[in-house]
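Structure first, then comments.
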Amino acid sequence: MKKYFRSFFIGFAVGMCFFAFLFIYTYNFYKNSNSIFFINSNYNTYLFRNGELILPTKYKYVKLADMPVNLINTLLWSEDRDFYEHYGFNLKSFIRAVVINAFTLDFSQGGSTITQQLAKMVYLSNEKTIKRKMLDIMLAFFIERSYSKDEILEAYMNNAAYLGNDILGFPAAADRYFKKNINDLSFAEMAVLVGIINGPSIYDPYRHPDRARKQAQALLNSLGGSSLKNTIDLKKAAEDLEKMEFKKFTYEDRYVELIYQCISELKELNLKSGGYVIKSTFDKDIFESVTMPATACGIAINNKTGEMLGFWGSQYSAFLSQQQIGSGVKPFYYSMAIENGYTFDTILPDKPTDFGGWKPQNFDKKFRGEVTLKESLVNSINISSIYLAMHVSTSPTNSIQKIEDFLKKNIGIKGKYPGDLTLSLGTLETNPYNMVRAYTMFSNYGLIPKIFSVFEVYDRRGNIIFRQNPSIERKVEGISPQTYASMVQLLRETVVSGSAKRANVQGVELVGKTGTAESAAWFTGDTGSTSLSVRVDGKDLLSSTAAVPIAQTIVKSFYYNTPNYKIPLYTSVKGLNKLDFFADPVTFISKGMDVISYLANAKLSEGIERIGEKIEEVITDIEFIYPDMALKIRQWYAVNSVDFLDDPYTFVLNGSDISVYLQKLEINEEKAIRLMEISQELSSSYPDVSMKINEYLKEKGYETALRGNSHEDQ
């Protein structure tokens, strides 16, 4: 007997220790876990800007008080008839399940209460092990002491009832399978949803509709012994089951890419869970109006607010990939050139050239000799553009570095830069996102908006917790409004009559630029309110036939789905009637002004030495753009810079000011004698000059030389 009591005591002590350990372990686990209302972020709902679903409903929250009473009662009848009586664990149901499993050997009966099912879904897994079963019993105990019965039931019906096809909760299932609000369900539809709980894959309404109906009918049959038979028409419910149809949500796989983009932005909000409703900025009509080939990608934005209207291709292709942009780079350094004084009429060379072993070609393999800056950009001529890029600074090396700094630091284009002259033809590698973002500087006169795809976020109860307001990401420095206006005109002409004319849509003031690279074809452009960039990957492509037609399709969708505005042109009357050669030599020459007359007048007021200094400051730019005019200027300076003591007649004939010359002259006795000789030579033909020389010599104290000269005359 003593031995029996000792064994009993030891067994009891071990059992209590195990229970204590399990209690403490489960309590710590529960204490450090989420609430029963926690939802995984996979169950966020994503909407287009107009409120339509991007992807099928996966989660929808409805308060228990707003749930249909018949649905609640049917659920409790099927899953946990003593829910409001037990404390999380129903011993009677558990024993019944064990007995049934022992006889049938299929272990399909779990005997779990709704609280245990909630614990399993929120905190554990679906694995059928003794450890998991013990944990869900203990967790149910803690849940029952932390929450009311109604809170537990509400959490279960919304957050834990898995109803197949990645649907969580009855409200979402009602929307998905029947396209109804949960309060609009028929009793037969309620029975189908409750029936799915016991086997979401077995009773999947999409894959096994007959099974779903039979399971619901079995549930209806069981209700004959419940009080529900007095509140419903079981016969009508059975008839409804026979003719029931399940609604399928149709969507395209490419919609998933939109979700990925929203998710990437949501990371910045640091949301701790899911169940949120995310309203995106994506315009469904614009997005669906474009179907791109598998090798293409693109993006469209509202260039005033930064809202992303849509993107096509994978998220990687649109936002992270890197491909050479070709001539799409040209508008950026053309802007720099125009800011430096170049004009539409500036002449650029278009001749076969060897740039240190690099012999680039124009696309059409032709050379025109000379082209204007306007012709060069509108028709995307390479050679003239390279020359222009080489001269935005003091040397080709400095010019390329200046362009790269402008693209990287001022505009913020991320990508792979070549670090050499090939940058002028677009060997910079980047993606449509970076391009569309950068091109907004033209339509916005230097302002680049923050681009975003998440507009608003609502919690499960419909409260707005976040809204993205438009903001400016950066202001591009160093480009004036006048230059932006000029670039808008050039890029508009490119669409109207140049390399991008296939993108032109009547009624839309589109501006933009094509780009053809070794492995990609591009078009990037703006309207008054929208911007887009399209890239087609592949070898030997023409942007005019590959990227531009796709861009036109997007532009047409702008026309029908967004307000149509023109890009305003900035105008200024400042300086239109007054040109200064040294301040803007290229513009001065391009306007047909008389450079030689200007220099002659300037020499009278400033002197030849100062004019010579100014000529040296600007002659490099002139030699590149207007080599013939540069030669004339050098010849003029050579003649006009002669020293008076060496060639007085040429000096005077050139109109040089003898008074200015004498003031700067470092006089000595030898020069004084030479001046007296010249004075004698000029006394009859240029007596005024002779008189000034004599006065100068007298002032400097060379009267002896003057008297000696007079004696000789006698």
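Scanning the stretch 59-75 for residues that are of a type outside the set (A, V, I, L, M) and either assigned to a loop (DSSP other than H, G, I, E, B) or closer than 14 Å to LEU219 by Cβ (or both), which turns out nearest to the chain's Cα centre (by Cα)?
Residue satisfying both the conditions and the ranking: LYS60.
For the stretch 497-521, name all the residues that are of a type outside the set (D, E, K, R), part of a loop (DSSP other than H, G, I, E, B) and touching a residue at least 12 places away in the same chain (Cβ under 8 Å).
SER497, GLY498, SER499, ALA500, ASN504, VAL505, GLY507, VAL508, LEU510, ALA517, SER519
Among the residues in the stretch 232-241, are any surrounded by 18 or more Cβ atoms within 10 Å (Cβ to Cβ) and within 30 Å of GLY310 (Cβ to Cβ)?
No, because not a single residue in the stretch 232-241 is surrounded by 18 or more Cβ atoms within 10 Å (Cβ to Cβ) and within 30 Å of GLY310 (Cβ to Cβ).
Looking only at the stretch 285-302, count every residue that is closer than 15 Å to ALA521 by Cα, in a loop (DSSP other than H, G, I, E, B) and either within 19 Å of the chain's Cα centre (by Cα) or in contact (Cβ under 8 Å) with a residue 12 or more places away in the chain (or both) and tell me the total.
If we filter the stretch 285-302 for residues that are closer than 15 Å to ALA521 by Cα, which is where we start, we get 292-299.
Narrowing the set further to residues that are in a loop (DSSP other than H, G, I, E, B) leaves 292-295.
Subset that is either within 19 Å of the chain's Cα centre (by Cα) or in contact (Cβ under 8 Å) with a residue 12 or more places away in the chain (or both): 292-293, 295.
Residues in the stretch 285-302 being closer than 15 Å to ALA521 by Cα, in a loop (DSSP other than H, G, I, E, B) and either within 19 Å of the chain's Cα centre (by Cα) or in contact (Cβ under 8 Å) with a residue 12 or more places away in the chain (or both): 3 in total.
Just give me the residues in the stretch 429-457 being among the aromatic types (Phe, Trp, Tyr) and either closer than 28 Å to GLY419 by Cα or at pLDDT below 95 (or both), in sequence order.
Of the residues in the stretch 429-457, the ones among the aromatic types (Phe, Trp, Tyr) are 433, 439, 442, 445, 452, 455.
Of everything in the stretch 429-457, those that are among the aromatic types (Phe, Trp, Tyr) and either closer than 28 Å to GLY419 by Cα or at pLDDT below 95 (or both) turn out to be TYR433, TYR439, PHE442, TYR445.
Out of the residues in the stretch 407-429 meeting the condition of being assigned to a loop (DSSP other than H, G, I, E, B) and surrounded by 20 or more Cβ atoms within 10 Å (Cβ to Cβ), tell me which one is farthest from the chain's Cα centre (by Cα).
GLY426
What are the pairs, 6+ residues apart or on separate chains, where a residue within the stretch 249-268 that is closer than 19 Å to CYS297 by Cα and among the hydroxyl-bearing types (Ser, Thr, Tyr) has its Cβ under 6 Å from a residue that is assigned to a helix (DSSP H, G or I) and modelled with pLDDT of 95 or more?
So the pair list comes out as TYR260/GLN315.
Here's the yes/no breakdown for (1) at pLDDT 95 or above; (2) among the hydrophobic types (A, V, I, L, M, F, W, C); (3) over 18 Å from the mean Cα position of the chain (by Cα):
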{"residue": "GLN315", "(1), (2), (3)": "yes, no, no"}
{"residue": "TYR333", "(1), (2), (3)": "yes, no, yes"}
{"residue": "ILE338", "(1), (2), (3)": "yes, yes, yes"}
{"residue": "PRO352", "(1), (2), (3)": "no, no, yes"}
{"residue": "LYS359", "(1), (2), (3)": "no, no, yes"}
{"residue": "PHE367", "(1), (2), (3)": "no, yes, yes"}
{"residue": "SER376", "(1), (2), (3)": "yes, no, yes"}
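Does any residue of the stretch 583-600 turn out to be on the phi > 0 side of the Ramachandran plot and free of Cβ contacts under 8 Å to residues at least 40 places away in the same chain?
yes
I'd like to check which helices (runs of 4 or more DSSP H) are fully inside the stretch 102-218 and have at least 1 residues that are at pLDDT 95 or above.
Values: elements: 114-123, 130-146, 149-155, 170-178, 187-196.
The qualifying helices (runs of 4 or more DSSP H) are 149-155, 170-178, 187-196.
In this structure, is PHE178 farther than 28 Å from ALA140 by Cβ and either touching an Asp or Glu at 6+ places or on another chain (Cβ under 7 Å) or of a type in the set (A, V, I, L, M, F, W, C) (or both)?
Details: farther than 28 Å from ALA140 by Cβ: yes; either touching an Asp or Glu at 6+ places or on another chain (Cβ under 7 Å) or of a type in the set (A, V, I, L, M, F, W, C) (or both): yes.
Yes; evaluated as a whole, the condition is true for this residue.
Kindly indicate which of THR343, THR305 is under 14 Å from the mean Cα position of the chain (by Cα), closer than 25 Å to GLU477 by Cα and surrounded by fewer than 24 Cβ atoms within 10 Å (Cβ to Cβ).
Residue meeting the stated conditions: THR305.
The values are calculated or read from the model by the stated rules, or taken from the named source; none is laboratory data. Just so we're clear, the structure is a prediction, and the values are computed from it rather than from any experiment. Here the Cβ is made from the backbone with ideal geometry for all residues, glycine too, and neighbour counts use every protein chain on show.
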